[in-house]
Amino acid sequence: MKIHEYQAKSLLGKHGVPVPEGQVVNTQNEAMDVAEKLGGNVVVKAQVHAGGRGKAGGVKLVGSSSEAAQVCNELLNSNLVTIQTGSDGVPVDKVLIEEIIDVKKELYVAFTIDGVKKKVVAIVSEFGGMEIEEVAENNPDKVLTLELDSSLGASPYKTRKLASFLNVDVKQIRPLANVISSLYDVFVSNDCSLVEINPLVITGDGRVLAADAKITIDDDALFRHPNLSEFYDPAQEDPFEKQAAKFGISYVKLDGDIGCLVNGAGLAMATMDVTRSSGASPANFLDVGGGADESKVSEALKIILLDEKVKKIFINIFGGILKCDIVARGILDASRNIDREFPELVVRMLGTNFDEGREILMKSGLNISLVNDLKEAADSLKSD
Amino acid sequence: MSIIVNSQTKLLVQGITGKEGSFHAKKCKEYGTNLVAGAVPGRDGEIFDESVPIFDSVQDAIDSTEANTSLIFVPPHLRADDAIIEAVDAGIQVVICITEGVPVMDMVKVSSYIRDKDVILIGPNCPGAISPAPKVKVGIMPGDIHIPGKVGVVSRSGTLTYEAVGQLSKLGIGQSTCVGIGGDPVTGISFVDVLEMFQQDDETEAVVLIGEIGGNREQEAAEYIKHNFKKPVASLIVGQTAPKGKRMGHAGAIITGKDGLAEEKIRTLSSAGASIIPSIADIGEVVKEIV
């Protein structure tokens with residue numbers, strides 16, 4: 001689960017990581033008050049989950065409280081379109097107003113989990129304020145990655161080593177190491193999958209401040225962090241994905257016009273690939289999950305059909321536990337409960353009760369091509 | 001002898017009384033697996049499916065039945081991670097955790113705890129392992145699609161593995177052992193661990209490796225194939241059409257860095273000498289060429 005910058009900063013604050021002075025607001029009057037208190041010279045930052053916010057005009061420096069109010073008003077009534085959002089963008093419901101800080105040096109500090117090493121890793125660079133992938137590509141010797149043992153945590157010597165690597169004044173090493181250590185605490189005590197501070201700033205007067213903060217929480221661990229669940233912001237989610245999540249269906253919207261309904265995440269990705277290689281374009285990723293039943297198949301179809309672009313649906317089910325007749329009944333149920341015209345279906349299903357499932361579909365009167373394997377399916381998708 | 005699960009397997013199921021656990025324990029037994037015990041705290045003395053004794057702890061189950069392999073269905077909030085540790089501490093040699101949704105940090109701790117221990121951990125969030133010749137299934141895959149043979153299959157995904165097996169069996173190409181290592185960011189054994197076992201296994205003559213976007217475990221496998229693996233490998237990478245930064249169902253299937261891209265994985269595997277399967281529809285055809 002992604003959380004907003006202001007929420008991430010509140011977590012940082014709880015763990016003793018210094019952040020710039022500021023406050024989140026959702027009206028221009030509040031913005032005026034907060035900017036006034038901070039002396040008028042402030043930065044106004046749109047709170048959205050998408051990256052690429054700065055370049056998209058979501059972060060602005062202003063010179064007075066009235067200007068802050070005006071910028072805030074513009075942002076609050078808009079959808080921000082960044083390189084990471086679709087063309088509709090994401091709504092800006094909150095804006096963070098912060099003091100402008102006197103930046104002497106911008107650093108990069110992040111914690112994440114390395115699946116191959118099976119450990120938490122710290123990644124630091126003295127080249128903060130830019131994409132870390134670019135730094136790693138162009139200046140690999142300026143990026144240091146250290147593994148941290150889960151029982152030892154962030155050993156003081158390791159945090160000092162990380163801090164020393166950042167080419168800062170020798171007097172800065174200890175305070176910087178302390179901040180790195182606190183960031184590790186944020187990571188483990190909140191079951192994060194990412195804590196990224198870019199930039200971590202050293203100010204002219206020698207303070208260390210987290211000027212930005214990107215935190216992602218492990219969805220699978222939310223059950224033991226009821227306080228973090230409150231950070232969930234449904235407005236930032238795609239409405240179709242939200243609807244799917246209600247039914248335990250994993251759905252990701254894409255740009256094409258072939259809806260895909262599949263059981264299993266791996267097979268769902270492969271089905272998208274087959275669709276694309278046939279020359280067609282998938283409208284979505286959809287995994288109905290292992291324990292799918294008739295109603296889940298039906299709901300999945302309804303969600304696919306919320307997307308008006310969908311003109312054909314490719315159903316690919318490898319039935320082990322999920323029986324084919326159940327899938328067929330789910331299709332029928334959806335076709336009876338949908339307002340729009342039911343599109344052509346390309347159905348490939350395998351496994352238990354296949355004959356029964358086939359008969360139900362044949363008799364249904366729906367426009368269905370039943371195919372035997374994925375090659376045939378690809379041909380059917382190609383045909384127009 | 002087949003790898004991981006074979007005629008020596010004596011199976012214990014942790015969480016055998018739950019909905020999933022009981023359903024699949026029965027299916028494993030029906031397939032031919034020697035199911036010797038169940039373990040559920042507080043249910044000591046009960047009998048599962050008319051013949052399988054249930055014990056309070058894994059240790060008790062081992063003491064009475066000499067179980068050596070455990071299949072775990074314990075849900076995350078009842079601490080699947082602890083169920084793994086319990087099995088390892090009791091001396092179980094093969095632990096297969098089916099549970100979906102185990103917090104990643106728990107698996108980091110489990111991995112650190114078992115690092116120097118003599119145990120094979122598969123999963124979590126995996127379909128398990130099956131060896132068709134000795135008729136041993138320890139997992140949730142449909143048994144009837146498998147036929148005995150010489151091709152080893154290793155994958156991060158469940159239904160995708162079934163699809164691969166289905167195509168192989170249809171062409172009469174049997175399997176030695178099929179292993180699903182799981183789709184989470186941190187799992188037990190890796191592609192490389194399974195390849196090492198296939199290397200030593202006389203029953204396996206070729207391997208199908210099915211990877212997906214996210215992480216860099218396929219690159220790790222490619223490195224091993226290039227320098228150490230002596231048998232032919234056919235490889236499929238799925239997620240070529242997946243956009244960056246979007247999680248595709250599996251917690252691990254999300255493209256973050258360059259290594260996570262499908263084309264990067266395909267390039268590395270191809271230069272390591274693996275035959276690339278261009279699309280899922282071609283699995284059977286490509287494997288036919290290498291066996």
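The values are calculated or read from the model by the stated rules, or taken from the named source; none is laboratory data. Here the structure is a predicted model, which is why all the values come from computation and not from measurement. Using ideal geometry, Cβ is built from the backbone for each residue, glycine included, and neighbour counts are taken over all protein chains shown. The protein model used for the area step is the full one, side chains on, heavy atoms only, and it has no ligands, DNA or RNA in it. Shrake-Rupley method; radii C 1.70, N 1.55, O 1.52, S 1.80 Å.
Annotations
- Qualifying residues in the range B:230-261 (those that are more than 8 Å from every other protein chain (Cβ to nearest Cβ) and of a type in the set (Gly, Ala, Ser)) - the one surrounded by the fewest Cβ atoms within 10 Å (Cβ to Cβ): B:GLY260
- Failed item in (1) open to solvent by 40 Å² or more (accessible area, probe 1.4 Å); (2) among the hydrophobic types (A, V, I, L, M, F, W, C); (3) within 14 Å of another protein chain (Cβ to nearest Cβ); (4) in contact (Cβ under 8 Å) with a residue 24 or more places away in the chain, with A:ILE249 passing the rest: (1)
- Residues that are open to solvent by 60 Å² or more (accessible area, probe 1.4 Å), within 27 Å of A:GLY289 (Cα to Cα) and part of a helix (DSSP H, G or I), drawn from the range B:262-291: B:GLU263
- So A:LEU301, is it crowded, with 17+ Cβ neighbours inside 10 Å, more than 9 Å from chain B (Cβ to nearest Cβ) and in a strand (DSSP E or B): no
- Among the residues listed as A:ASP88, A:ASP141, A:ASP93, the single one being under 21 Å from the mean Cα position of the chain (by Cα), open to solvent by 50 Å² or more (accessible area, probe 1.4 Å) and without any contact (Cβ under 8 Å) to a residue 12 or more places away in the chain: A:ASP88
- Note on the range A:283-292: residues that are surrounded by fewer than 22 Cβ atoms within 10 Å (Cβ to Cβ) and over 16 Å from A:PHE318 (Cβ atoms) total 0.
- Members of the range A:306-337 found to be open to solvent by less than 10 Å² (accessible area, probe 1.4 Å) and touching a Pro at 6+ places or on another chain (Cβ under 9 Å), listed by number: A:VAL310, A:LYS312, A:ILE313, A:PHE314, A:PHE318, A:GLY319
- Number of residues in the range A:332-384 that are assigned to a helix (DSSP H, G or I), among the charged types (D, E, K, R) and more than 18 Å from A:ASN263 (Cβ to Cβ): the value is 8.
- Residues that are within 12 Å of chain B (Cβ to nearest Cβ) and buried (at least 19 other Cβ atoms within 10 Å of the Cβ) within the range A:108-122 comprise A:ALA110, A:PHE111, A:THR112, A:ILE113, A:GLY115, A:LYS118, A:VAL120, listed in sequence order.
- Helices (runs of 4 or more DSSP H) completely within the range B:49-166 that count 3 or more residues being within 26 Å of B:PRO185 (Cα to Cα): B:80-90, B:104-114
- Here A:LEU254, A:LEU228 are screened, and the one residue that is open to solvent by less than 30 Å² (accessible area, probe 1.4 Å) and away from chain B (no Cβ under 11 Å) is A:LEU228.
- Meets criteria (closer than 19 Å to A:ASP373 by Cβ and assigned to a helix (DSSP H, G or I)) for A:ARG329: no
- On inspection, A:SER78 qualifies as open to solvent by less than 40 Å² (accessible area, probe 1.4 Å) and among the hydroxyl-bearing types (Ser, Thr, Tyr).
- Residues satisfying the stated conditions in the range B:214-226, i.e. modelled with pLDDT of 95 or more and outside any helix (DSSP H, G or I): none
- Residue, nearest to A:ILE249 (Cα to Cα), within the range B:219-229, restricted to residues that are within 13 Å of chain A (Cβ to nearest Cβ) and open to solvent by less than 20 Å² (accessible area, probe 1.4 Å): B:ALA221
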